[in-house]
Amino acid sequence: MEKNKFFLIPFIALFAIALLFLTAQIPTAKMEPKNLPIALVNEDAGEVGATLLKQLKKMSLQQFILLNMIL
């Protein structure tokens, strides 16, 4: 170990980089999305799509903005 003085430098650098990434990610891990818009695209022209949309509107506390897509 005394022969090679630069033996520990890569390990210290790796530890410092890992610590930097860890401290950068901590604030994003505890975020709670608020007032996040939700989009629902229903391209089904049959009864299943309409039934699914009705059930989602009953269950959800969010307000849906319905867009009719005509292709």
ask   = Among all the lysines, which ones have a C-alpha under 30 Å from Lys34's C-alpha, if same-chain residues fewer than 8 places away are not counted?
value = Lys54, Lys57, Lys58
query = Using θ = phi - 60° and the Karplus curve 6.51 cos²θ - 1.76 cosθ + 1.60, what whole-Hz ³J(HN,Hα) does each residue of segment 10-20 get, with Gly and Pro shown as x?
reply = x, 5, 5, 5, 4, 5, 5, 5, 5, 5, 5
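Coordinate-derived values only; no laboratory data. All values reported here derive from a predicted model rather than from experimental measurement.
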